[in-house]
1. Are there any pairs, at least 6 apart or on different chains, whose C-beta atoms fall under 6 Å, with the first in region 42-62 and touching a residue at least 12 places away in the same chain (Cβ under 8 Å) and the second surrounded by fewer than 18 Cβ atoms within 10 Å (Cβ to Cβ) and not in a helix (DSSP H, G or I), and if so, which?
2. Since residue 100 meets every condition but one in (1) modelled with pLDDT under 85; (2) surrounded by fewer than 19 Cβ atoms within 10 Å (Cβ to Cβ); (3) assigned to a helix (DSSP H, G or I); (4) touching a helix residue (DSSP H, G or I) at 6+ places or on another chain (Cβ under 8 Å), which condition does it not meet?
3. It is to be established whether one or more residues within region 123-137 are in a helix (DSSP H, G or I), surrounded by fewer than 16 Cβ atoms within 10 Å (Cβ to Cβ) and at pLDDT below 75.
4. Can we say residue 106 is without any contact (Cβ under 8 Å) to a residue 60 or more places away in the chain and within 20 Å of residue 59 (Cα to Cα)?
5. Would you tally the residues in region 51-77 being surrounded by 14 or more Cβ atoms within 10 Å (Cβ to Cβ) and either more than 22 Å from residue 114 (Cα to Cα) or modelled with pLDDT under 60 (or both)?
6. Given the condition modelled with pLDDT of 80 or more, in contact with a helix residue (DSSP H, G or I) (Cβ under 6 Å, 6 or more places away or on another chain), on the phi < 0 side of the Ramachandran plot and not in a helix (DSSP H, G or I), answer yes or no: does some residue in region 176-189 qualify?
């Protein structure tokens, strides 16, 4: 549920990142229960990519807004790398602001789409093992929402996907049905020679 608070100004990226960290821990436990490391690896890649996207988004938006309100000297000295060096625009110019952050928003969209692919793989793996369709639905909504954020519809799909994901985690059985691990048969110890 913390990932839904990502849209809150100022602290949203921190709270959203905390939500993704909690998802990583939860999926690690599920992966251990299933004895399947790929679930955890896909979640780890997807969640860390999402956290990186949140941080990147925050940096671009904060820097652009600082320049938009007229603090160009402060925003110009922030070291975010050459790829995020925004073109100059006039103070209070909303079209210039939009055109300045458009390339960065496209980069962030690619990062979030990559994260969604890995998260969906992890959810699909669990859904297939548990016959739990709610996780499959959450994974598809997360992927569809990430791919359609460009046309702004995706933000609603992401919110619905996160709500369904939270519902799925809370309604999961406490004991995860796992396949039995075959016992290790050791050869008998040799008898001592007398």
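The values are calculated or read from the model by the stated rules, or taken from the named source; none is laboratory data. All of these numbers come straight from a predicted model, not from anything done at the bench. Positions of Cβ are backbone-derived with ideal geometry, glycine not excepted, and every protein chain shown enters the neighbour counts.
1. 59/80
2. Here residue 100 clears every test but (2).
3. Taking region 123-137 first, the residues in a helix (DSSP H, G or I) are 123-130, 133-137.
With the extra rule that they be surrounded by fewer than 16 Cβ atoms within 10 Å (Cβ to Cβ), the set shrinks to 128, 133.
Of the ones still in play, those that are also at pLDDT below 75 are none.
Within region 123-137 (the criterion being in a helix (DSSP H, G or I), surrounded by fewer than 16 Cβ atoms within 10 Å (Cβ to Cβ) and at pLDDT below 75), the answer is no, since none of the residues qualifies.
4. On the way: without any contact (Cβ under 8 Å) to a residue 60 or more places away in the chain: yes; within 20 Å of residue 59 (Cα to Cα): yes.
Considered against the rule, which asks whether it is without any contact (Cβ under 8 Å) to a residue 60 or more places away in the chain and within 20 Å of residue 59 (Cα to Cα), residue 106 comes out as yes.
5. Of the residues in that region, 9 qualify.
6. Initial filter on region 176-189 (modelled with pLDDT of 80 or more): none.
No - not one qualifying residue is present in region 176-189.
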